[in-house]
Amino acid sequence: MRLALIGLLALVAGGANAQQAADAVQPEAAGVGIFESLSPQVTAALEAKRAGLPVQAEDWMVVAANPHAVRAGADVLAAGGTAADALVAVQVMLGLVEPQSSGLGGGAFLVWYDRASGRVTTFDGRETAPLAATPQLFQDAAGEPLGFFDAVVGGLSVGVPGTPALLAEIHARYGTRDWAGLLAPARALAADGFPVSPRLAQLVAEDAERLATSEIAASYFMPSGVPVVQGDMLVNLPYANTLKVLSEEGVGAFYAGDLAKTIVATVQGADNAGVLSDVDLAIYRVKERTAVCAPYRGHEICGMGPPSSGGIAVGQTLGFLEGYDLSAGPDDVTVRRLIADASRLAFADRGRYVADSDFVPVPVKGLLDPAYMAERGALLAGDDALPEVAAGNPEFDHALNWADDQAIELPSTSHISIVDSFGNVASMTTTIENGFGSRLMVGGFLLNNQLTDFSFRSHDGGVPIANRVEPGKRPRSSMAPTIVMKDGAPVIVAGSPGGSRIIGYTAQAIIAMIDWGLDAQTAAALPHAVNRFGTYDLEAGTTAEALAEGLAAVGYETDVRALTSGLHLIGIGERLQGGADPRREGIALGE
Ligand code: DON
């Protein structure tokens, strides 16, 4: 085993921004063998996942993308901590062991069910554009949009991180355990070292060229110039130190002080320099927002509203399907046609109307109005794929004239689902956007590239695009952390990574559990078929491939490809039932 240490200096080397297919950073391999020694419970959970069985529990459950992180959350829940406490422990551990997907340098959306009040609410810890950012941020001198990775790699794409502030906020509101104690396991593991998982090793290898543009990231992930391999021990002393500072001083130390100065210097000093300033960090605030809920077959599908499109698009997809019988199941072409065109209609509305509602008026109510959804849903009544799909005309109370959006979204991200023994529920999707984010590393964590979730073009044919860059604005997201309610109580916790396919992955999981009666593990493992903009993506190597002929016959172009969701699901009934996506390294633990 080799030891890899991050260099302590925050220097960023220049270098080539090689253009590669974005899918090269799509997470794939599920870890086998590396986590078995953690505990008998972890081994049992891994075995259940391999056998396709849900993990069952009575009191509490946690499902996330890495066994170290799930175990940290489980220890908190077993000791009587709340879902908010566990969320802190899980997130800071994920930032260490799954650093390419989420962490202190990123942002997150949390949907929270508070058992005491019976209320679902949401917290927006989305990254924010610097005050010096303009709508031309991702355009060249001629006003043409930059190439995607030319924008991603370096300082230009870095928004003010929101995850540290979100963790502090929900801990202050709903936590009962000592803050420093929740950070302690990740702090200790960062100092002691952890074995690189198969998935992390694979992603480092695939991203080596871009990681090489960042001296600190390169020295951590590629000590002696070559990518770490599965089983190598990674020691992250800067991360241990960051957690020590946050333990002792609270997250205020992230947004002002030495760490903040280093973040700003790193972003401004990068080759592809960004405009983030110490003022941007100092004024960052988490926003509590009303949950967006849509009716579906006697349930309320509650999710994240703007700046995420996730809650609206999942709610609409299901709402458009309300009048149709899906009981023939996932292998039926008509069922797949209905789901696909419902999703396409939702994406058309999303592209036109959804952005940060603090900057542009978003007709949330109109988009989820049952009459509007029934009218749009009626478009699905034919036998063939809709030849064309356009945004609808929901009711709104402001003048709206937006051009269709042109943002590009590509894979990384992580979803955490938790139910605590008091009945509180946390559904949080967390991200640094692209795999390894901006590739810039500070304090042992990677900085996000979330600003590339804005539209690179600000206008189309002279008409402004709602999701254009603006100072202090939050980029539109597809993240869809969801809590499904029935008769006033939570029954399903759901969410996934997957870029804009998050919406389809999450909608399918909910349909699988409500319409097809599948358990959480079977729903997470179900082969994917996703349609966002017309092409029907079918998951390679699964039974979804067999749909190709039938779907072509009703008018779809199909594309067989890897579809690497990371669905982490909990079904809440007489017992708790957890399912972890077999496409990733996560598990469910409960008691
Ligand atoms: O906020 C969003 O929608 C994206 N930045 C999330 C990226 C993502 O899910 C990548 N997943 N594999």
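The values are calculated or read from the model by the stated rules, or taken from the named source; none is laboratory data. Everything numeric here is computed off the predicted structure, so don't read it as measured data. Every residue, glycine as well, gets a Cβ built from its backbone with ideal geometry; the counts of neighbours run over all protein chains shown.
Annotations for the structure displayed:
- Scanning the range 484-515 for residues that are within 16 Å of the ligand (Cβ to nearest atom) and not in a helix (DSSP H, G or I) gives 494, 495, 496, 497, 498.
- Scope the range 410-431; condition at pLDDT 95 or above and under 22 Å from residue 454 (Cα atoms); matching residues: 413, 414, 415, 428, 429, 430, 431
- Subset of the range 527-561 (residues that are in contact (Cβ under 8 Å) with a residue 24 or more places away in the chain, surrounded by 15 or more Cβ atoms within 10 Å (Cβ to Cβ) and among the acidic types (Asp, Glu)): 537, 539
- Complete set of residues in the range 454-469 that are without any contact (Cβ under 8 Å) to a residue 60 or more places away in the chain and within 14 Å of the ligand (Cβ to nearest atom): 455
- Flag for residue 507 being touching a Ser or Thr at 6+ places or on another chain (Cβ under 7 Å) and within 17 Å of residue 453 (Cα to Cα): no
- Look at the range 355-384: where a residue is free of Cβ contacts under 8 Å to residues at least 40 places away in the same chain and a partner is surrounded by fewer than 21 Cβ atoms within 10 Å (Cβ to Cβ) and assigned to a helix (DSSP H, G or I), sitting 6+ places away or on another chain with Cβ atoms under 9 Å, you get 372/366.
- Residues (closer than 20 Å to residue 121 by Cβ, surrounded by 24 or more Cβ atoms within 10 Å (Cβ to Cβ) and touching a helix residue (DSSP H, G or I) at 6+ places or on another chain (Cβ under 7 Å)) located in the range 420-448: 420, 425, 426, 428, 430
- Selection status of residue 80, within 26 Å of residue 495 (Cα to Cα) and surrounded by fewer than 24 Cβ atoms within 10 Å (Cβ to Cβ): yes
- Top-ranked residue in the range 85-110 [being out of contact with any Ser or Thr (no Cβ under 8 Å at 6 or more places or on another chain) and within 14 Å of residue 166 (Cα to Cα); ranked as surrounded by the most Cβ atoms within 10 Å (Cβ to Cβ)]: 90
- Residue match in the range 579-591 (condition: modelled with pLDDT of 95 or more, surrounded by fewer than 23 Cβ atoms within 10 Å (Cβ to Cβ) and either among the charged types (D, E, K, R) or not in a loop (DSSP other than H, G, I, E, B) (or both)): yes
- Those residues of the range 470-483 which are buried (at least 24 other Cβ atoms within 10 Å of the Cβ), within 16 Å of the ligand (Cβ to nearest atom) and either not small (Gly, Ala, Ser) or not in a strand (DSSP E or B) (or both), in sequence order: 474, 475, 476, 478, 479, 480, 481, 482
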